[in-house]
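Reading through the structure tokens given below for one structure.
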Amino acid sequence: MKRSEYFMQILDASVSMQYNISIILEAKANEAAKSRDWILNHLNHQTYDNHVDQLKLPLDYHEQFVELIDGLTKLENALAKNLTVVLNKQEEAASGMMDGTGFGSFFGGDSGDIT
């Protein structure tokens, strides 16, 4: 299998992951909207005994959403890094093969050192 075919497989896998992430985000947005509606209709100042309890539940919800967003951000950053590597390799394959060896900067740059 050619290198470009491997890169295409990587890109196809990335597209599939992005699609699945979008489905997850859509489901979480729907869940958040339902939670918001329920909270607005059922939780008010009369529901709680004191102000501390009234603040604790919404803060727990927000903490869960922040953790979810943080995890998805890390996942997206990793995907972006992988795509950058793939796209840079494709650009090198297209333009960097003229260094005399046929490898371009595949082994770490123009200096020839392996680090």
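The values are calculated or read from the model by the stated rules, or taken from the named source; none is laboratory data. A quick note: this is a predicted structure, and the numbers were derived from the prediction, not measured. Each accessible area value is taken on the protein alone, full model and side chains, heavy atoms only, with ligands, DNA and RNA left out. Shrake-Rupley method; radii C 1.70, N 1.55, O 1.52, S 1.80 Å.
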- Note on the structure: Looking only at lysines whose Cα falls under 24 Å of Lys89's and that sit 8 or more positions away or on another chain, we get Lys2, Lys74, Lys81
- Task: Can you work out the accessible area per residue across the stretch 1-68, with the rest of the protein chains kept in place, probe 1.4 Å, in square angstrom?
- Result: 84
- Item | Calculated over the stretch 18-68: convex hull of Cα atoms, volume per residue (Å³) | 54
